[in-house]
Structures are given as structure tokens and as C-alpha cells.
Amino acid sequence: MIDIRKLWHDACSNIIGIKGINAIAYSVWIDSLTPLCVKDNVLILLAPSSNNKLTVNKTYKEAITAALERTGSMITEFTVITDEEKEFYAKEIEAYRLEDMSEEEAKQETKSQFIARYTFDNFVVGESNKLAFHAAQSVAQSPGVSDNVYLSFNPLFLYGGVGLGKTHLLHSIGNYVSEHLPHLKVLYTPTENLTNDYVEAISNNRTDKGAFNLHSFREKYRSVDMLMLDDVQFLQKRVGLQEVVFHIFNDLYQAGKQIVLTSDRPPSEISTLEDRLRSRFEGGLIADIGTPNLEMRIAIIRKKMVLEKIAVNDEVVNYLAEKIDSNIRELEGCLAKVVFYAKLKGLAYPDLETAKEALKNTVQKKTGIDSSDIIAATCSYFNISQADIIGKKKTKNLVEARMIAIYIINDMLSLPLVSIGQIFGGRDHTTIIHARDKIAALIKENAETAKAVKDIKNSLNA
């Protein structure tokens, strides 16, 4: 079977310069295409949108055909499709997907609901996630209610921002249990899927017995040894579903079954969540996954390099780690983009110039104020270091400066309390609330505090 990823990579390596295709045109229209399969000697490419498909067919069809011809392959024709058309190529896509995996991975894929590459061994542990990591490991090794109440992480509630590793840990738990405790029945489901199941069950409840009804729904979610529910923040405002989840939770917990939950915020910040359900969520261990620091981002890049067998010099590694600080997913995506740009330029590995060129649309000059600007301005005003304002010291001048910085960040930026807590060394959201409210009150009562806040804000807007 033809290696379509190599074919498409070789074609892309030849395409810039053909028929006027420059780097910008390539980045916008060609780089977004994904090879899916070959049918009747025609390469099937997936476009992210109908507009992309129309533009490629209208403007770049000749260039792509010429690039395919230059590869020397017998495949010189292609068809661009969108997601809506994938069903017409389902058999071919499945065949190429399994061919692309090793025999062992293919076996695993057919029987597992978990992504094979997400394991505990591949997870980079640092200060921002070590509690979540070790708790997840403990749950995987000994799911359910432990004899030792202090080691009973049931439920385990993991929370953190997008792309910080919640999904990786969930799948790591699932993969570990599948390998070491294969007799256990594990169900992983996003909350949206749970919602869809519930709606379908209600709709079918009065139809024939063979339909997926409420009885089938209950059996599906109550007859497992481990339930992993992803993105539970989507339960908010769904009162009927919360009632159902509450009873599922109780049935599983009382039977000694393990429950693992993830969210982008802690239970206390999920609005319109019923108090009794919030209480159940808070009954085990709550572990946050924070934003990785510079050293951890460097470690993540190096781990990815080893796994993907790619070479990147220290200068580029440091550049990526310094510039991409939002989440791990974006960091890994930028690394892949830099490596690909180097291949397009015929380089053995990317240099700093190539990295900057590849990420010029990603790493842009800051156009607004962010939390680091506010912290820097506060430190300058009070003549203290950033390490001290974020650290654990509790001298009077540091505590005051820290609370003022927290207040200004909360006032000027649209950041969740959890995220502000992570910025200040992983502090609990209740600490952030206290600092915010304390300064808000002092501004009205204390002229010196009011002046400090005003002066720092003015320096930011100067």
C-alpha cells in the first residue's frame, strides 16, 4: 500500500515556486490539506472548509498535480473533499489508517477507546502538574475505594486550561488499566456524548423495547468498573441531566467503582451546578494542572523530540519554550511546524531563522496588556522582585503588593480565578477572591492603596 503521508510530504517539498505559489499561499491553502487515502489511483485530500476546497480546485490544482508528478509516483491525480464527503471513502480511509499503524497499535486501536501514545511514561511531570500526575497513577494502579481513606481518590477531579494535559492523563489511566487490569470494564465519555445519549434515551423511552431507552442508558453508565467523564463543566444549566448524573455517581460510588472527572475549572466555579452534585465532585481529590514554566516547556520539547525522532538544536528549543507559553498542545504544534518548514527548505534540522520564519504569524508582538505586564509594573512600583511577588513569602509589603497585582489582573483582564491562582504560584481560587475583595475594600477606605492601584494602572496605559 502506498505511503500517502510520504507521498504528500514529497509533493509539498516541491510545490513552493510552482505556478507562483509562495510561502504564504502554501501556508494558507496547501498546508491545511490532509492526505486520507487513495482510491482508483487518485489521492484523496481533506480540506478544513468548503472555501478551502473551492480555492484549491480553482487556483492550485495545476500546481499540486505538477508537484505530485515530480515525486515520480504513479499517483498524479487528486481529489479534495470536506468532512461531509468522508463517508463515501470510509473503507479506503479505514484501510489506510490501520496500515499506517504498527500491527500492535492496530490491534490496540480496534479494542481500545484510548489513544495509545498517551501513557504515564510520555507525560512530562513538573511543579504545575505533579499532584494530578501522581493521583492519576494511584487511581490507575488501584481504582475504586481504598482501605486507606487518605489514599482513596474517588472521585478524582482534574481541572486546568485547554491543552495542559487533562486528556493525556485520562488516556494514560485508561491505557494502564487496559494493560494491567484488563478484567475491569472502563468507560470514557465526554460530557457532550453523555448528553446526547440521555436525549436519545428520553426520545426512545416510549418506543419499542429494542431502542436505546432510559433503561439502556442507565445500564450503560452504571455497569462499569470505572467511569471517566470529560469536561463536566458542560453539565451547568442542564438540570435534568445533573439529576441523572447524581444517581449514576451514587450507584458507582456505593459499589466501590472508580470515577474520574475533568473540567476547565474546579467544582466551586461551575455555575448552576446543584449543591449536592458539587458536594459529590468535591468528595475525593481535586487536583489542578497549571501552565508549565520555562524549564518544563523545554523538557516537553525534548521529550517530543525523542518520541518523534527529530533533531532540533538548543537555540531553537529555547526560542520555542520562551515564545509559546500558553499550553502544551500549541507548543507541540509549533515544534512540528518548525520541523516541517526546515524540510521544505532542505535543511537537516531547523535553525533559529527558520523557526522565526515558520512562527511569524504565531509569535507576534504583544498588542495588549497581559498578566506579566501587570506583575512587572507592580514590582517596579513597590521595588520588589517578581520571584517574591509570586512566591510564598508573607512579609507585609509583599502581601500588599501581591494582593494589589491580583486585584488589577482581575479588574483589567478576563481571566478565570483559577488561572490567576496559577499565575501566582498555584494559589487556591479562594485566596484570589480574598485578595481581590480585600483591595476593593481598601481602595474605598485607604487613600494610599487607592493611589497605588491608580498609579500602577496609569503606568500600564502610558
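The values are calculated or read from the model by the stated rules, or taken from the named source; none is laboratory data. In this text the structure is predicted, and so the values were computed from the model without any measurement. Note that each Cβ is placed from the backbone with ideal geometry, even for glycine, and that neighbours are counted across all protein chains shown. Accessible surface areas use protein heavy atoms only, side chains included; no ligands, DNA or RNA. Shrake-Rupley method; radii C 1.70, N 1.55, O 1.52, S 1.80 Å.
So which residues in segment 69-95 are touching a helix residue (DSSP H, G or I) at 6+ places or on another chain (Cβ under 8 Å) and either modelled with pLDDT under 85 or farther than 12 Å from residue 33 by Cβ (or both)?
70, 71, 73, 75, 76, 77, 86, 93
Pick out the one residue from 65, 59 that is open to solvent by less than 50 Å² (accessible area, probe 1.4 Å) and either within 20 Å of residue 88 (Cα to Cα) or of a type in the set (Ser, Thr, Tyr) (or both).
One residue alone meets the criteria, 65.
Quick one: is residue 427 over 30 Å from residue 27 (Cα atoms) and either outside any helix (DSSP H, G or I) or of a type in the set (Gly, Ala, Ser) (or both)?
yes
Go through the residues of segment 85-93 one by one and say whether even a single one is open to solvent by 50 Å² or more (accessible area, probe 1.4 Å), over 25 Å from residue 361 (Cβ atoms) and not charged (D, E, K, R).
Checked segment 85-93: at least one residue is open to solvent by 50 Å² or more (accessible area, probe 1.4 Å), over 25 Å from residue 361 (Cβ atoms) and not charged (D, E, K, R).
Of (1) part of a helix (DSSP H, G or I); (2) modelled with pLDDT of 85 or more; (3) under 22 Å from residue 323 (Cβ atoms); (4) not charged (D, E, K, R), residue 350 satisfies all except one. Which?
(1)
Tell me yes or no: at least one residue of segment 407-425 is closer than 30 Å to residue 160 by Cα, among the charged types (D, E, K, R) and surrounded by 15 or more Cβ atoms within 10 Å (Cβ to Cβ).
No, every residue in segment 407-425 fails to be closer than 30 Å to residue 160 by Cα, among the charged types (D, E, K, R) and surrounded by 15 or more Cβ atoms within 10 Å (Cβ to Cβ).
Against the definition (assigned to a loop (DSSP other than H, G, I, E, B) and farther than 30 Å from residue 341 by Cβ), how does residue 240 come out, yes or no?
Judged against the criteria, residue 240 is not a match.
Which members of segment 377-406 meet the condition of being of a type in the set (Ser, Thr, Tyr), open to solvent by 20 Å² or more (accessible area, probe 1.4 Å) and part of a helix (DSSP H, G or I)?
Passing the criteria: 380, 381.
For segment 298-331, enumerate the residues that are in contact with a Gly (Cβ under 9 Å, 6 or more places away or on another chain) and among the charged types (D, E, K, R).
Result: 329, 330.
Among the residues of segment 228-251, which ones are in contact with a Pro (Cβ under 9 Å, 6 or more places away or on another chain) and either of a type in the set (A, V, I, L, M, F, W, C) or open to solvent by 60 Å² or more (accessible area, probe 1.4 Å) (or both)?
Selection gives 229, 232, 234, 249.
With the structure loaded, tell me whether residue 131 is assigned to a helix (DSSP H, G or I) and either open to solvent by less than 30 Å² (accessible area, probe 1.4 Å) or modelled with pLDDT of 90 or more (or both) or whether it fails that test.
Yes, satisfied.
Give segment 297-351 a look and list any residue that's open to solvent by less than 30 Å² (accessible area, probe 1.4 Å), more than 30 Å from residue 422 (Cα to Cα) and either within 18 Å of the chain's Cα centre (by Cα) or free of Cβ contacts under 8 Å to residues at least 24 places away in the same chain (or both), or say none.
Selection gives 341, 342.
Within segment 53-93, count every residue that is touching a Lys or Arg at 6+ places or on another chain (Cβ under 7 Å), farther than 13 Å from residue 18 by Cβ and charged (D, E, K, R).
Counting residues in segment 53-93 that are touching a Lys or Arg at 6+ places or on another chain (Cβ under 7 Å), farther than 13 Å from residue 18 by Cβ and charged (D, E, K, R) gives 1.
If I ask for residues that are of a type in the set (S, T, N, Q) and either outside any helix (DSSP H, G or I) or buried (at least 20 other Cβ atoms within 10 Å of the Cβ) (or both), which ones from segment 255-281 would you list?
Hits for segment 255-281 are 258, 262, 263, 271, 272.
Mind checking which pairs have a first residue in segment 251-275 that is on the phi > 0 side of the Ramachandran plot and a second that is surrounded by fewer than 22 Cβ atoms within 10 Å (Cβ to Cβ), Cβ under 6 Å, 6 or more apart or different chains?
Between residues of segment 251-275 that are on the phi > 0 side of the Ramachandran plot and residues that are surrounded by fewer than 22 Cβ atoms within 10 Å (Cβ to Cβ), the close pairs are 256/144; 256/145; 272/236; 272/237.
Exactly one condition in (1) modelled with pLDDT under 85; (2) more than 23 Å from the chain's Cα centre (by Cα); (3) closer than 27 Å to residue 427 by Cβ is not met by residue 163; state its number.
(2)
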